[in-house]
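What follows is a short report on a single structure.
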């Protein structure tokens, strides 16, 4: 029983450097910055009740209220600003600048925890107020921001580490948060693959064909698609197998690099072929942070720390140095 408990502890609390956290922080922050800049010209057109088209913000927020009154939305911020005499246009402008500023602070690691919370809240307000126009990239960005909000920030590359003299967290705490992210990704890919396998379109290639010819994702010419039509069944089956088998082969050291490269290649191809660049960026960021951090640059100090940490368990170290886990 003790051996099982020890193995469970070693699985959920492995000693890990904070390289994965730096990758996640910079990648997700860059994702939100690009999101803000890409919507700068259309920000008021999307969210202003005076300038919006047929699908207005109040309709999306009314649908949100039917689900729950506690889902963040831009209407909260506009109503709050109106109490101080601030108009809707000004409130929306301040929200845009607030989201961009919070994401930039998260990128450089200044007030990391506060920046992660603010970025997650403002990003949720924006995407939930346009729920009819959002897709998977917004959900995965929120997932990345959520893990940053609860992660053991700051990492050693954050500005907080040398400007505010914030101490580094225990390596076992780093390992626990990274392990949860790894398990989360495994569940996402596995059930995504199972769902695709249940559809006939993913066995004969019609799902990929329909995705590539549907505006505004039809970046490839019809001549090119017709010339490659015989590859669509192979690509479709490969995607199904790649995602369904993700939880099994990504854990094995012998196949981890192969599976990681294959998954990132898949997302890169989706981004280039369909114009889903932000979706490709966030998925590649999550994958590298979860399973590819050890293949990135790690200093000699980090390697030495990791070897020392691996020699004892979490509770043994707490007993030796007289400190608790947190």
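The values are calculated or read from the model by the stated rules, or taken from the named source; none is laboratory data. Please read all numbers here as calculations on a predicted model, not as lab measurements. Every residue, glycine as well, gets a Cβ built from its backbone with ideal geometry; the counts of neighbours run over all protein chains shown.
Which residue, of 187, 212, 219, is surrounded by 15 or more Cβ atoms within 10 Å (Cβ to Cβ) and either at pLDDT below 90 or assigned by TED's automatic domain parsing to the domain that holds residue 262 (or both)?
Being surrounded by 15 or more Cβ atoms within 10 Å (Cβ to Cβ) and either at pLDDT below 90 or assigned by TED's automatic domain parsing to the domain that holds residue 262 (or both) holds for just one of 187, 212, 219, which is 212.
Kindly indicate whether any position in the range 266-284 is farther than 20 Å from residue 214 by Cβ, surrounded by fewer than 19 Cβ atoms within 10 Å (Cβ to Cβ), touching a residue at least 24 places away in the same chain (Cβ under 8 Å) and not assigned by TED's automatic domain parsing to the domain that holds residue 24.
no
Please enumerate the residues belonging to the range 106-117 that are surrounded by fewer than 20 Cβ atoms within 10 Å (Cβ to Cβ) and either farther than 8 Å from residue 160 by Cβ or modelled with pLDDT of 95 or more (or both).
Result: 108, 113, 114, 117.
I'd like to know if the range 34-45 contains one or more residues that are under 25 Å from the mean Cα position of the chain (by Cα), buried (at least 19 other Cβ atoms within 10 Å of the Cβ) and not in a helix (DSSP H, G or I).
no
Quick one: in the range 62-80, which of the residues that are assigned to a helix (DSSP H, G or I) and free of Cβ contacts under 8 Å to residues at least 40 places away in the same chain is surrounded by the most Cβ atoms within 10 Å (Cβ to Cβ)?
Step by step, filter the range 62-80, then rank; the result is 78.
Looking at (1) more than 23 Å from residue 281 (Cβ to Cβ); (2) in contact (Cβ under 8 Å) with a residue 12 or more places away in the chain; (3) surrounded by 14 or more Cβ atoms within 10 Å (Cβ to Cβ), which one does residue 11 not meet, given that it meets all the others?
Of the numbered conditions (1) more than 23 Å from residue 281 (Cβ to Cβ); (2) in contact (Cβ under 8 Å) with a residue 12 or more places away in the chain; (3) surrounded by 14 or more Cβ atoms within 10 Å (Cβ to Cβ), the odd one out for residue 11 is (3).
Any idea which of 24, 59 is in a helix (DSSP H, G or I), touching a helix residue (DSSP H, G or I) at 6+ places or on another chain (Cβ under 7 Å) and surrounded by 12 or more Cβ atoms within 10 Å (Cβ to Cβ)? Even if it seems obvious, please write down each step before you answer.
Values: 59 fails: touching a helix residue (DSSP H, G or I) at 6+ places or on another chain (Cβ under 7 Å).
When all the criteria are applied, what remains is 24.
Within the range 81-105, which residues are surrounded by 18 or more Cβ atoms within 10 Å (Cβ to Cβ) and over 25 Å from residue 24 (Cα atoms)?
The answer is 88, 91, 92.
Can you confirm whether the range 149-168 contains a residue that is touching a residue at least 24 places away in the same chain (Cβ under 8 Å), within 14 Å of the chain's Cα centre (by Cα), within 30 Å of residue 92 (Cβ to Cβ) and not in a loop (DSSP other than H, G, I, E, B)?
yes
Considering each of 57, 73 in turn, give the residue that is in the same structural domain as residue 125 (by TED's automatic domain parsing) and under 27 Å from residue 285 (Cβ atoms).
It is 73.
Report yes if residue 188 is within 30 Å of residue 143 (Cα to Cα) and in a helix (DSSP H, G or I), otherwise no.
So residue 188 passes the test.
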